[in-house]
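Here the structure is laid out as structure tokens; the discussion comes afterwards.
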Protein chains: 2
Amino acid sequence: MKKPTIKDVAKLAGVSFKTVSRVVNKEASVSDEVRTKVLECIEKLNYQPNHTARVMRKAPFSLAFVYDNPNSHYVIEMQNGIISECRERGFELVIHPTDSRSEDVGKELAAMIGSNQIGGVILTPPLSENRELVTFLLNRDAKVVRILSGAEAPDTLAPVIHVDDVGAARKMTDYLLDLGHKKIAFLGYHASHESSLGRLEGFRTALESRGLPVDKNLIIDGEFTFDSGMAMTREALKGKPTAIFACNDEIAAGAVFQSRLSGFNVPEDVSIVGFENSPFSVQTWPHLTTVNQPNFDIAACAAAMVIKMMQEKDVHSVESKGFSLNLVVRDSAIKPA
Amino acid sequence: MKKPTIKDVAKLAGVSFKTVSRVVNKEASVSDEVRTKVLECIEKLNYQPNHTARVMRKAPFSLAFVYDNPNSHYVIEMQNGIISECRERGFELVIHPTDSRSEDVGKELAAMIGSNQIGGVILTPPLSENRELVTFLLNRDAKVVRILSGAEAPDTLAPVIHVDDVGAARKMTDYLLDLGHKKIAFLGYHASHESSLGRLEGFRTALESRGLPVDKNLIIDGEFTFDSGMAMTREALKGKPTAIFACNDEIAAGAVFQSRLSGFNVPEDVSIVGFENSPFSVQTWPHLTTVNQPNFDIAACAAAMVIKMMQEKDVHSVESKGFSLNLVVRDSAIKPA
DNA sequence: AATAGATTTGACAACGTTGACAACGGAAGG
DNA sequence: CCTTCCGTTGTCAACGTTGTCAAATCTATT
């Protein structure tokens, strides 16, 4: 009735339980004869090594995924990426949503690491931008990998996965420029919102490198929501742009709607592009041209890095890595009339 | 440098490690004097009980959340509910996305239970509708709680959380009827899609109980997507309905768009309502009147049930529970002209 | 045939915790 | 003063696994 243990297998196979352990761990020094016999018995009893006991005896076999705004679709994509990696390597994932504004994120995490035998942590923005937090974790010798936006790793504290959304914003702007747009509005600038800053930078660079002016009146402040997108669009439309670059798909969806409300057809009168390739981007008509972020892969990569750091003692064997983003061309942007 | 153990605390406090264990587990028979001293030492050393060792010695302290279509927003809401409950009780959550079409879900799960000391499982549709799977898990004496839609628990195999979307669909239909609508189209009927069936049933019941006819031409087949919503709306509009009941918010968003494209203002010419209260419902204009499913609470409740079953030997102490759903009245439905 | 060396196996402790049970000390009852 | 009992504390085994090291067996070399 009870779950079979390594000793049950050993008794059945007529060997010591240590030998079974060796077979389970694929150690070399077991004769083929014994090995096959043990494997048979494992099969027969349907034996599963006890993860818990293993963890206790060996190094930690778990890592934590720490994220902030838990309702974003990208969280779940990342989570899936991490899980798939964990499964492959026999690791366990502990999920940890937090409120980044709270003061105790550090303490909370430290407690987790302390009590759960967690060996590694994957941090996403805005937690990953918190240098203090990172050093804090490092001091408690957790292995840390951060996912950040930016073209370069910001420091050498610990490996980083940097996602080049500046470059992507530039690509997108270039795309609009190549279509022939000259007056492009930028929606969603927000001083405290890290990613809006990067995207604006990419936007700027693209214009400037062609010697085009950046019209301040076409750079609109606002939040990353549908309603704010509508409001910003009313503002932007006063400047008569032929295209709108929205900081994310939600804003873009609001922009599409408001444009039409204001009598502009999309994409005939205004082209509109988004960012993120979220589900919203096909929830609108026309479907949005946007930028895709391969969240699953990014996260899987992060997981692989953390696991590697946990397994090899030498932390410096793991290097930071960059991801670039691709345009997803759909129907919301065309040549200007 | 190393993490302090119960023994380190004991040495510092000058008591046996068993006494510390007692303090940590809040057992009664410790004198106040000793208790405070031990607590001080725990504080001083920043001692954290080792979860792994605890699990090994005692009953399993983990439960699994098994779900299928992992990109839905409701998964993450539920996950958060479960986590919050787990944290409160010192339990650990293991996430398990699966492909319900694969044959080995059972095996996979059995392996998890076997190797990870998992004591309980929370199942969501369509996995939770799979009776065979449930008995399979029950036989391996896991505690199982299923989340299902329906007004009643379908059986007594194991406790169920049943979410009454039939009733909610009826409420919503009644709401439209009360506003004065007589011709209501139903979008998103799909024979193999369990929840569309329930929603249609609620819709029907509402009409029939007022002696109104159910017009077959206004019940439209289709999938739960924006594009399908547009297509279904083109079909439905031929019948000149004054209101549209969409099976979910994505369909409703498509319906809103297509209606306008076809020259009908929303909500002035057609009222449109959704279901699910997903992020999409405020991603459209006007914001959708819809049905809210308290996923966080449902999941937290499920977690509480599983944990209770794991802790008390008597499985039958835990009873199935029903949740009813509430309308979220926003701006997409008004009185007919 | 004897010895060294390599390969294979086993005995045992250890990981950090809890459960079972024994031991201690003091209070109450005779 | 001795017993009984209760509240408090301690000792030890156990959970299922892996690491260490020694024992046993086999192989190759002289």
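I'm told residue A:20 meets every condition in (1) within 13 Å of chain B (Cβ to nearest Cβ); (2) within 15 Å of DNA strand C (Cβ to nearest atom) except one. Can you identify the failing condition by its number?
Result: residue A:20 passes all but (1).
Looking at B:125, B:97, can you tell me which residue is within 9 Å of chain A (Cβ to nearest Cβ) and over 15 Å from residue B:300 (Cβ atoms)?
Working: B:125 fails: within 9 Å of chain A (Cβ to nearest Cβ).
Of the residues listed, the single one that is within 9 Å of chain A (Cβ to nearest Cβ) and over 15 Å from residue B:300 (Cβ atoms) is B:97.
Would you mind telling me which numbered condition in (1) more than 7 Å from DNA strand D (Cβ to nearest atom); (2) out of contact with any Lys or Arg (no Cβ under 9 Å at 6 or more places or on another chain); (3) over 23 Å from residue A:304 (Cα atoms) residue A:53 fails?
Status for residue A:53: all satisfied but (1).
Looking only at residues that are among the polar types (S, T, N, Q) and within 12 Å of DNA strand C (Cβ to nearest atom) in the stretch A:40-54, which one is surrounded by the fewest Cβ atoms within 10 Å (Cβ to Cβ)?
To start, the set of residues in the stretch A:40-54 that are among the polar types (S, T, N, Q) comprises A:46, A:48, A:50, A:52.
Then keep just the ones that are within 12 Å of DNA strand C (Cβ to nearest atom); that gives A:50, A:52.
Working: A:50: 18, A:52: 24.
The selected residue is A:50.
So in the stretch A:6-17, with the set limited to residues that are open to solvent by 70 Å² or more (accessible area, probe 1.4 Å) and more than 8 Å from DNA strand C (Cβ to nearest atom), which one is farthest from the other protein chains (Cβ to nearest Cβ)? Break it down into steps so the answer makes sense when it comes.
Restricting attention to the stretch A:6-17, the residues satisfying the condition of being open to solvent by 70 Å² or more (accessible area, probe 1.4 Å) are A:7, A:11-12, A:17.
Checking the rest, the ones that are also more than 8 Å from DNA strand C (Cβ to nearest atom) come to A:7, A:11-12.
On the way: A:7: 15, A:11: 19, A:12: 17 Å.
That would be A:11.
Is there a residue being of a type in the set (Asp, Glu), open to solvent by 80 Å² or more (accessible area, probe 1.4 Å), more than 11 Å from every other protein chain (Cβ to nearest Cβ) and more than 8 Å from DNA strand C (Cβ to nearest atom) anywhere in the stretch B:64-74?
The answer is no; no qualifying residue exists.
What number of residues in the stretch A:286-323 are among the small types (Gly, Ala, Ser) and either assigned by TED's automatic domain parsing to the domain that holds residue A:264 or out of contact with any helix residue (DSSP H, G or I) (no Cβ under 8 Å at 6 or more places or on another chain) (or both)?
Residues in the stretch A:286-323 being among the small types (Gly, Ala, Ser) and either assigned by TED's automatic domain parsing to the domain that holds residue A:264 or out of contact with any helix residue (DSSP H, G or I) (no Cβ under 8 Å at 6 or more places or on another chain) (or both): 2 in total.
Could you identify the single residue in B:295, B:277, B:265, B:248 that is free of Cβ contacts under 8 Å to residues at least 12 places away in the same chain and within 14 Å of chain A (Cβ to nearest Cβ)? Steps first, please.
On the way: B:295 fails: free of Cβ contacts under 8 Å to residues at least 12 places away in the same chain; B:277 fails: free of Cβ contacts under 8 Å to residues at least 12 places away in the same chain; B:248 fails: free of Cβ contacts under 8 Å to residues at least 12 places away in the same chain.
Among B:295, B:277, B:265, B:248, only B:265 is free of Cβ contacts under 8 Å to residues at least 12 places away in the same chain and within 14 Å of chain A (Cβ to nearest Cβ).
If you take the residues of the stretch B:24-39 that are without any contact (Cβ under 8 Å) to a residue 24 or more places away in the chain and part of a helix (DSSP H, G or I), which of them is most open to solvent (accessible area, probe 1.4 Å)? Working first, answer last.
Start the filter on the stretch B:24-39 by keeping residues that are without any contact (Cβ under 8 Å) to a residue 24 or more places away in the chain, which leaves B:25-36, B:39.
Now drop any that are not part of a helix (DSSP H, G or I), which leaves B:32-36, B:39.
On the way: B:32: 112, B:33: 147, B:34: 43, B:35: 58, B:36: 78, B:39: 82 Å².
The qualifying residue most open to solvent (accessible area, probe 1.4 Å) is B:33.
So the check is Cβ under 6 Å with 6+ separation or different chains; which pairs have a first residue in the stretch B:7-23 that's under 15 Å from residue B:33 (Cα atoms) and part of a helix (DSSP H, G or I) and a second one that's more than 9 Å from DNA strand C (Cβ to nearest atom) and β-branched (Val, Ile, Thr)?
So the pair list comes out as B:13/B:38; B:20/B:38; B:22/B:30; B:23/B:30; B:23/B:38.
Filter the stretch A:292-321 down to residues that are loosely packed, with under 15 Cβ neighbours inside 10 Å and closer than 17 Å to residue A:156 by Cα, then give me how many there are.
4
Just need a number here: residues in the stretch B:214-245 that are within 14 Å of another protein chain (Cβ to nearest Cβ) and either of a type in the set (A, V, I, L, M) or within 27 Å of the chain's Cα centre (by Cα) (or both).
At the first step, the residues of the stretch B:214-245 found to be within 14 Å of another protein chain (Cβ to nearest Cβ) are B:223-231, B:233-234.
Next cut, either of a type in the set (A, V, I, L, M) or within 27 Å of the chain's Cα centre (by Cα) (or both) only: B:223-231.
Total satisfying the criteria: 9.
Please go through the stretch B:323-337 and pick out each residue that is modelled with pLDDT of 95 or more and either small (Gly, Ala, Ser) or on the phi > 0 side of the Ramachandran plot (or both).
Those that are modelled with pLDDT of 95 or more and either small (Gly, Ala, Ser) or on the phi > 0 side of the Ramachandran plot (or both): B:332, B:333.
Give the residue, chosen from B:235, B:223, that is modelled with pLDDT under 95 and of a type in the set (Asp, Glu).
Of the residues listed, the single one that is modelled with pLDDT under 95 and of a type in the set (Asp, Glu) is B:223.
Just to check your reading of the model, which residue among A:57, A:87 is within 14 Å of chain B (Cβ to nearest Cβ), within 14 Å of DNA strand C (Cβ to nearest atom), out of contact with any helix residue (DSSP H, G or I) (no Cβ under 8 Å at 6 or more places or on another chain) and open to solvent by 40 Å² or more (accessible area, probe 1.4 Å)? Give the steps one after another, and end with the answer.
Details: A:87 fails: within 14 Å of DNA strand C (Cβ to nearest atom).
Answer to the selection: A:57.
Which residue, of B:49, B:4, B:60, is in contact (Cβ under 8 Å) with a residue 60 or more places away in the chain and not aliphatic (A, V, I, L, M)? Give the steps one after another, and end with the answer.
Working: B:49 fails: in contact (Cβ under 8 Å) with a residue 60 or more places away in the chain; B:4 fails: in contact (Cβ under 8 Å) with a residue 60 or more places away in the chain.
Just a single option satisfies the conditions, and that option is B:60.
Hey, can you tell me all the residues within the stretch A:251-262 that are in contact (Cβ under 8 Å) with a residue 40 or more places away in the chain and either of a type in the set (S, T, N, Q) or more than 21 Å from residue B:281 (Cβ to Cβ) (or both)?
Residues of the stretch A:251-262 in contact (Cβ under 8 Å) with a residue 40 or more places away in the chain: A:251-252, A:255-256.
None - no residue of the stretch A:251-262 is in contact (Cβ under 8 Å) with a residue 40 or more places away in the chain and either of a type in the set (S, T, N, Q) or more than 21 Å from residue B:281 (Cβ to Cβ) (or both), so the list stays empty.
Return yes when residue A:2 is open to solvent by 80 Å² or more (accessible area, probe 1.4 Å), more than 8 Å from DNA strand D (Cβ to nearest atom) and among the basic types (Lys, Arg) and no when it is not. Quick ask: steps written out before the conclusion?
Details: open to solvent by 80 Å² or more (accessible area, probe 1.4 Å): yes; more than 8 Å from DNA strand D (Cβ to nearest atom): no; among the basic types (Lys, Arg): yes.
Judged against the criteria, residue A:2 is not a match.
The values are calculated or read from the model by the stated rules, or taken from the named source; none is laboratory data. Quick caveat: nothing in here was measured; it's all calculated off a predicted structure. With ideal geometry, Cβ positions are generated from the backbone for all residues, glycine too; neighbour counts draw on all protein chains shown. Accessible surface is based on the protein model in full, side chains and every heavy atom, while ligands, DNA and RNA are left aside. Shrake-Rupley method; radii C 1.70, N 1.55, O 1.52, S 1.80 Å.
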